[in-house]
Structures are given as C-alpha cells and as structure tokens.
Amino acid sequence: MKTLYYEYENKYVKFTSNYFNDENDYNVKKITQAIKLSLRRKFNISIQEYCVSQHVLIEKCGFCDNYSYIELEYDFKKFKKSHLINIKNTHYPSNFYCKEKGCEGKTLNPNSIDFVKKSRKTNKKEAIKIIHERNNSPFYVENHNNKTDYKNYQSLNNRLSKEKYKKFIKNLKFSKTIDYYTQKYGENEGTKIWNEINEKKDSMSFSYFLKKNNFNYRKSIIEYKNRVKSVLPKNKSYIGGNYSQQSYKIFIKLVDKLSLTNCMFGEHEFFIEYIDKENKKRKFFYDFTDLNNKIIIEFNGLRWHPNKNKMTTEQYTKWYHPFDNDISKTYLEEKDKMKNELAIKNGFKFITLWDSETDDENFNVVKKFYGNI
C-alpha cells in the first residue's frame, strides 16, 4: 500500500492506495475513489467541492444546481519520499450531468433530444445535430429523416432484399448448430464451446444440477427447486412441497429415534425423473428418502390411493377420486406400481405406509424394515 498526499487549506493531507506504483503506473478511478473517501471522512466535502477549492473550473449540472459528474486527470510531484497529487484536467463523460439523487437527468435517456437540449442548454435543432455527430447508429430515431424511415429500418424484410434476407436467415440457423462452431474454431475447440453453450441452456434441468454438484442428490434437488421457484410467477406453486402433516410427524420421529442423517422429506422431497409413453420428461416425488441407506418410504392415504388389501370390498368398489371422476382406480394402481418399480430400478429399497394404520404401527413397520436390512 502506497502513501500519497494532496493539498487542502494549505495543509498536506496523507492517504493510502493499493493502486499506485509510480507516476506513470496508477489506476485513475481507484485513486479518485481513495481521495473521495479521504475528503468525506476528514473534511466532509465532495471531490467537486475540493476541485473548486483548488481553483479547478467545474461546470454545473445541466438539470440542477449541483456540480456535474467529473472524471479527473492527475500529475504527481515528488514529496516526502512519496508523491503529491495535483488535478491536471477534468472530463465530463455524462454531458454535464451530476447523477445525484433527485436530479431530473436521471429519468432521461442521454441519447434523447430532451437530455441533450437541457444538458447542453441548446435548442432542438442543435441537439439533433449533436446526437448525429456523436452517434451515427441507425437504431436511434433521431438519425432518420422521419419515423416511417426509422420503423422501416428496424424490419429486416424492409431493409434487405429478398435474397439477402433468405441468406441472413440461413446463416442465422446455421450459427445455432455444432457444425458452425467446429468450422469456426476447429473440431475440439468448437465441440467444447458448443457443449458449454448447451450446458448453460440446460441450467433449468435437474441433470445440470446433478453434474454441477457431483451427483449429490440432496444439494442438487434443493438447488433445482430453488431455481425453478425463482422463475415462476409468485402466484404459482413450485414443484414438490405438498405433504401431509401426519406423514411429516412420522418421518420426524423416524429420523430422531433411528438417528438417521441425510434424509429428504417435507419441503425437499426426493424425486426421480423418467420419460413417459408420450416421450415427455416427468418426475415421481417420494415422501421420504434415506439417501445414506438408499431407502424410500411412501405414505399413502386411502382417499387418494385405493388398496383392496386395506379396504373392505364395499369401500374398494365404491371408491372414487375426490376431485376428478375421470381418474380410475386402475390408473392410480398402475401409477403407484410404476413409481415403486422406478425406485427399485434406481437402487432403492422400498416400503409403503398407510394412513389406515396408527402412527405407532407405522413406526414399528419401518423399525422392523430397517432391522431386516
């Protein structure tokens, strides 16, 4: 860290900076920040007020009575085995605009006629001339003779001939293929760039988070759910998170009594992705998953999961879905079977608990299940 000095009220004030090596090698913005901080702490004045005290002419903001935002240029003199800093010149990158809170200039586009008129204190004709001189981009309406010409330019169909437009679309489509990148960067580098682009595009998928976290399922599922939640409208529910309080109490007891760790349930249910018959990606959520022991426990209610072994013949025959009469017993039984088989296929041991049993009965079933394995 280097010690530097500046002069104020006939005194030499010391400050430090990590961004000064010598008078030919320093970071202007960082030096300015260090001086600003020193002035504020020691004298409670701004850098603009300091410039005025050093008889450096500063323009006023074109919108209010504050001084304009400035960028400074320095020179240095040897002083006390260090350097004394002086202001050599001032620059106005924002067209005499102070950037202070409440300033009208903050609400205007710097490339607009109103901004230039007020900041340069000039008329409309001169403002347009200034805009043309400093920016020839055809994407600004001021750089066209009228709004019709401006609108026509924004349309590729109007701007280009039919042949050029077809060629543009063809090149655009090609630029979104792996062949484009391998031709441009070579086979290895092009393939690498293409894979990186697709990986970024895939950042909404669960597989992306699995790879990112080295197949740590717990961390990946939590990050994935948070990612999906972050992009959904506030009035939309996100994936998972629906569970019964009865099952939650049982699972809490399991974790406590059996001293289980690395379990997922409640708001962070474990899930397995699969491809359905229509070739669409789906997910099965599981009520309780012990990742360390590779055990999945489902807690089913007879209201939602008809079971002839847990119901009387009359109950089973008369069962209907609470909300949708089109959902049949056969459909739900096949779905539950598929869900169980998918868990086993992925290396999990599987057990189902039922709300028709007492909490103690269900707990003893699980305790025995753990004892057997």
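Annotations
- Leading residue by the ranking (modelled with the lowest pLDDT) among those in the range 183-210 that are aliphatic (A, V, I, L, M) and touching a helix residue (DSSP H, G or I) at 6+ places or on another chain (Cβ under 6 Å): Leu210
- So Asn213, is it at pLDDT 75 or above, loosely packed, with under 12 Cβ neighbours inside 10 Å and more than 16 Å from Glu273 (Cα to Cα): no
- Within the range 108-166, the set of residues being part of a helix (DSSP H, G or I), under 21 Å from Phe63 (Cβ atoms) and within 33 Å of the chain's Cα centre (by Cα) comprises Phe115 only.
- Among the residues of the range 322-359, the one identified as aromatic (Phe, Trp, Tyr), surrounded by 13 or more Cβ atoms within 10 Å (Cβ to Cβ) and over 38 Å from the mean Cα position of the chain (by Cα) is Trp354.
- Within the range 67-93, considering residues that are crowded, with 18+ Cβ neighbours inside 10 Å and without any contact (Cβ under 8 Å) to a residue 40 or more places away in the chain, the one farthest from Val28 (Cα to Cα): Tyr67
- Of all residues making up the range 11-51, the number that are closer than 13 Å to Leu84 by Cα and out of contact with any helix residue (DSSP H, G or I) (no Cβ under 6 Å at 6 or more places or on another chain): 10
Quick grid of which residues meet (1) at pLDDT 85 or above; (2) more than 30 Å from Pro110 (Cβ to Cβ):
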site	(1), (2)
Glu126	yes, no
Asn136	no, no
Phe139	no, no
Asn145	no, no
Thr148	no, no
Ser161	no, yes
Lys176	no, yes
Tyr181	yes, yes
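- Leu302 vs. criteria in the same structural domain as Ser259 (by TED's automatic domain parsing), out of contact with any His (no Cβ under 9 Å at 6 or more places or on another chain) and surrounded by 13 or more Cβ atoms within 10 Å (Cβ to Cβ): yes
- When Ile45 is tested against (1) part of a strand (DSSP E or B); (2) within 40 Å of the chain's Cα centre (by Cα), just one condition goes unmet, and that condition is (1).
The values are calculated or read from the model by the stated rules, or taken from the named source; none is laboratory data. Worth saying up front: this structure is predicted, and the values here are computed from it rather than measured. Glycine gets a Cβ as well: all are built from the backbone with ideal geometry, and neighbour counts include every protein chain shown.
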